[in-house]
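One structure below.
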Amino acid sequence: MEGPVRYESHGDIAVIRIDNPPVNATSHAVREGLVAAAAHFAASPEKVAVLVAEGRTFIAGADITEFGKTPKEPHLPDVIHRIEASEKPVVCVIHGTALGGGFEVALGCHYRVMLKGARIGLPEVNLGLLPGAGGTQRLPRLIGIVPASEIFTSAAQVKAEDCLALGIVDELSTADPFEAGMTFARKVLAEGLQVRRVSEMSVPPTDAEALAALKKKVAKANPGHVCHLRAIDTAVEGTRLPFAEGMKLERAAFWDMMQTPQRAAMIHAFFSERKVASLPELKGVEPRKLAQIGVIGGGTMGGGIAVSCLLNGLSVVLIERDAEAVEKAHNGIARTLADSVKRGKLGADARDMLLADKLLVTDDYARLSNADLVIEAVFESMEVKKDVFTKLDAVCKPGAVLATNTSYLDVDEIAAMTKRPEDVIGLHFFSPAHVMRLLEIVVAAKTAKDVVATGFALAKALKKVPVRAGVCDGFIGNRILKTYRTAADIMVLEGASPFQVDKALEDFGFAMGPYAVADLAGIDIGYLTRKRLAPTRKPGERWGEWGDVLYEMGRLGRKTGHGHYVYDEASPKGRPDPEVEEIIARERNAKGITPRSFTDAEIVERYMAAMINEGAKVVGEGIALRPLDVDVTKLFGYGFPRFRGGPMHYADAVGLDKVLASVEAAYQAGDAIFEPAPLLTKLVAEGKTFADLN
Ligand code: 3HC
Ligand code: NAI
């Protein structure tokens, strides 16, 4: 047989090998190959078949690149049906990950052998879908509706040992996939094991209370998503029907999901997350060595960065100002690692080894002489940063990468403090740095290519999502944030309340609204940003000043128990405070503004218009390479709802002409921040979309 599926005869045993790199996705050719192999097996003398995949993994799922195109026969459910319908036993061997359609193929086989270290999962909900090739019908029949629903609504990858305990697989093996399959096939022959079809099993009894609790939990964890609950309902309703009818129900639900904007958004997010990391400019550029990392400053960010490095196998030398600060930073890191131990993410012995052998906290800059890459995370002050970079220039070895974690400051100016500006780069982490996945890689005018490649290599080592950014105030993420936060403030000045703004945006899908975020980060941050920006304000720019009043009152947000909200035992997540409304009303009065009412839709439209317009400026000026880089920045660093794909994808979905009309209306109302982005105007004139630039 030609193509990605091969058929081999080994005496009484047939081996069907799938070979479709990189992840053996069930492309059209694979589906055709499997049907042909099943037919060949039926007509051949072999008594048992082993289905095995080549390369790093079993099948990772349906071929996502085919989604959105006209589906071609044979469809995956039919392919799996052919395999399951075989009159002779079929054994599959799971290595790597059997995900989505891949796991569904495994469920269609009569016996499953799993390699230790392998995992299974039904991650379709991460793509705005639900399992569409039997996952909601066979898995509940095999292990019960509630355990199956937990798997396909969480998208979790289930370990081999847990699969065995749940009865998903028959045997674990430490052999290679081929040997593991041959051994089990010989057992089938020796013991005369017969075909055993999951579709013919009856569903184990369902605990109604557990099911109701799961539905509640899933709805709470996935606000705005449609696919999770639909998947559970499909399992519940489908398993009451004969199997073939249940499959029809699942197919209909799968196609419904396929048509949703959520599916398109989440697949855009999936591919964008991967595309940001492969830059054409870095093809063939070797990164520099990364073994020892220097971190300057052990506060919120430096501590988190050190933990991230330690947890990912890099050793760290962290510099603080004096003995007291050294002790505080060391204790902070030890506390975070202890937390990882408590959560079961790190063993206690491994933690002790990291603290004893991999971490040095000191106030002696000379200890950086061996560092391959140093990340500065001291106070956000150009003076302090210049002082630090002058010291780094003196002590670091030639070729060491010197990085700054600044949020807003000019990386070119920082680089100019050294005699090696080509080694200087911005590495902008997000708080908490050992948790948040975004890493903006800020490329300054003189940064060498291999230094950029080293930034990307560090992101990979730390399992972060890297986005290339150019130098400007706030780079990609914070620059756009400044604009839409100002847009929100203007709406509050005009009459909306901070709580209404937060609620409207949370209903839209944001993890938190801008005022809840301000309270979490600290009102002092916004205060300092406004002070810094004051000299750069353009005529006609408006902004809210009540934040300064809150700051002066010591209402700094969660850390002081009061900010835009009040935080106490009764309302740990915060409750609106009429005092804040009064402070805002006084500002409106002083500015001669008569408040008007806003609808939630109007709030979302204006907020998104500000975000998209600034995003278009960032792309147009070359600060972000493509619209997708803006999307990934907002998705991974700013709580943008993944099911909306990012602001630029969302703009395409709404229609760029509509977005431009909102931008122009706000601009004409007198707000300079809404000056239309030339790129947005151009795309509308040419009838193009942001996707055309990805
Ligand atoms: N279809 C097409 N391409 C895929 C793919 C898929 N299902 N899964 C991964 N790829 C591609 C990636 O885009 C990437 O391509 P690139 O090298 O050109 O950028 C390449 O394979 C390698 O992927 P990763 O960089 O992600 O490699 P990792 O080793 O880090 O991860 C993985 C491997 C765990 C398999 C991960 O890629 C993954 O989670 N893939 C998606 C799995 C998935 O969602 N499956 C369900 C699909 S929907 C479905 O099956 C519907 C069914 O119910 C009918
Ligand atoms: P922080 O105030 O928590 O920590 C700064 C630390 O630097 C302090 O522990 C201080 O003792 C130390 N320090 C100051 N001068 C030093 C010097 N000369 N040598 C050694 N150590 C010195 O500040 P935070 O929040 O960690 O911010 C650090 C940097 O990271 C800033 O540039 C900030 O803009 C940026 N950043 C902050 C984020 C946040 O959410 N806090 C997010 C992303 C970037």
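The values are calculated or read from the model by the stated rules, or taken from the named source; none is laboratory data. This is a predicted model, so every value here is computed, not measured. Here the Cβ positions follow ideal geometry from the backbone for every residue, glycine too, while neighbour counts run over all protein chains shown. The area values use the complete protein model at the heavy-atom level, side chains included, leaving out ligands, DNA and RNA. Shrake-Rupley method; radii C 1.70, N 1.55, O 1.52, S 1.80 Å.
When the range 91-122 is examined, which residues are found to be open to solvent by 10 Å² or more (accessible area, probe 1.4 Å) and either under 19 Å from R251 (Cβ atoms) or more than 16 Å from ligand 1 (Cβ to nearest atom) (or both)? So that I can check it myself, show each step before the final result.
First pass over the range 91-122, keeping only residues open to solvent by 10 Å² or more (accessible area, probe 1.4 Å): 95-97, 99, 111, 115-117, 119.
Result: Y111, K116.
Return the pair list, or none, for Cβ contacts closer than 6 Å from residues in the range 382-395 that are among the hydrophobic types (A, V, I, L, M, F, W, C) to residues that are near ligand 2 (Cβ under 10 Å from one of its atoms) and not in a helix (DSSP H, G or I), at least 6 apart or on different chains.
Pairs found: M382/L409; V384/V378; V388/I296; V388/E376; V388/V378.
When you scan the range 404-444, how many residues do you find that are farther than 13 Å from V374 by Cβ and away from ligand 2 (no atom under 14 Å from the Cβ)?
8
Give the range 537-552 a look and list any residue that's open to solvent by 90 Å² or more (accessible area, probe 1.4 Å) and either hydrophobic (A, V, I, L, M, F, W, C) or in contact (Cβ under 8 Å) with a residue 12 or more places away in the chain (or both), or say none.
Quick first cut of the range 537-552, residues open to solvent by 90 Å² or more (accessible area, probe 1.4 Å) only: 538-539, 552.
Matches in the range 537-552: K538, P539.
For every residue, the table says whether it meets (1) open to solvent by less than 30 Å² (accessible area, probe 1.4 Å); (2) more than 30 Å from R251 (Cβ to Cβ).
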{"position": "L139", "(1), (2)": "yes, no"}
{"position": "I143", "(1), (2)": "yes, no"}
{"position": "A155", "(1), (2)": "yes, no"}
{"position": "D162", "(1), (2)": "no, no"}
{"position": "I168", "(1), (2)": "yes, no"}
{"position": "E171", "(1), (2)": "no, yes"}
{"position": "F184", "(1), (2)": "yes, yes"}
{"position": "E191", "(1), (2)": "no, yes"}
{"position": "R197", "(1), (2)": "no, no"}
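Looking at the range 363-374, which of the residues that are surrounded by 12 or more Cβ atoms within 10 Å (Cβ to Cβ) and out of contact with any Lys or Arg (no Cβ under 8 Å at 6 or more places or on another chain) is nearest to V307 (Cα to Cα)?
Step one: of the range 363-374, the residues surrounded by 12 or more Cβ atoms within 10 Å (Cβ to Cβ) are 363, 365, 367-374.
Still in the list and also out of contact with any Lys or Arg (no Cβ under 8 Å at 6 or more places or on another chain): 367-368, 374.
On the way: R367: 19, L368: 18, V374: 14 Å.
Selected residue: V374.
Can you pull out the residues in the range 569-580 that are under 32 Å from the mean Cα position of the chain (by Cα) and open to solvent by less than 60 Å² (accessible area, probe 1.4 Å)?
Of everything in the range 569-580, those that are under 32 Å from the mean Cα position of the chain (by Cα) and open to solvent by less than 60 Å² (accessible area, probe 1.4 Å) turn out to be S571, G574.
Kindly evaluate R56 against the criterion of being within 15 Å of ligand 1 (Cβ to nearest atom) and not in a strand (DSSP E or B).
Values: within 15 Å of ligand 1 (Cβ to nearest atom): yes; not in a strand (DSSP E or B): yes.
For R56, the condition - within 15 Å of ligand 1 (Cβ to nearest atom) and not in a strand (DSSP E or B) - is met.
Name the residue that is farthest from Y408 (Cα to Cα), counting only residues in the range 428-447 that are of a type outside the set (A, V, I, L, M), assigned to a loop (DSSP other than H, G, I, E, B) and away from ligand 1 (no atom under 16 Å from the Cβ). Quick ask: steps written out before the conclusion?
In the first step, residues of the range 428-447 are kept if they are of a type outside the set (A, V, I, L, M); the result is 428-432, 434, 437, 440, 446-447.
Then drop every residue that is not assigned to a loop (DSSP other than H, G, I, E, B), which leaves 430-432, 434, 437, 446-447.
Subsequent filtering for residues that are away from ligand 1 (no atom under 16 Å from the Cβ) retains 430-432, 434, 446-447.
Working: F430: 13, S431: 15, P432: 18, H434: 21, K446: 18, T447: 18 Å.
So the residue we want is H434.
Which condition from (1) under 23 Å from E179 (Cα atoms); (2) within 27 Å of the chain's Cα centre (by Cα) is the one that G132 breaks?
Failing condition for G132: (1).
Identify all residues within the range 666-694 that are hydrophobic (A, V, I, L, M, F, W, C) and under 15 Å from K617 (Cα atoms); write none if there are none.
First, the residues of the range 666-694 that are hydrophobic (A, V, I, L, M, F, W, C): 666, 669, 672-674, 677, 679-680, 683-685, 690-691, 693.
A672, I673, F674, A677, L679, L680, L683, V684, F690, L693, listed by residue number.
Which condition breaks for V388 when tested against (1) at pLDDT 95 or above; (2) open to solvent by 30 Å² or more (accessible area, probe 1.4 Å); (3) farther than 20 Å from F430 by Cα?
(2)
Under 6 Å between Cβ atoms, which residue pairs at least 6 apart in sequence (or on different chains) link something in the range 222-234 that is farther than 15 Å from P641 by Cα with a partner that is modelled with pLDDT under 95 and of a type outside the set (F, W, Y)?
Within 6 Å, the pairs are H228/N222.
Looking at (1) open to solvent by 30 Å² or more (accessible area, probe 1.4 Å); (2) closer than 23 Å to P223 by Cβ, can you tell me which one A669 breaks?
Here A669 clears every test but (2).
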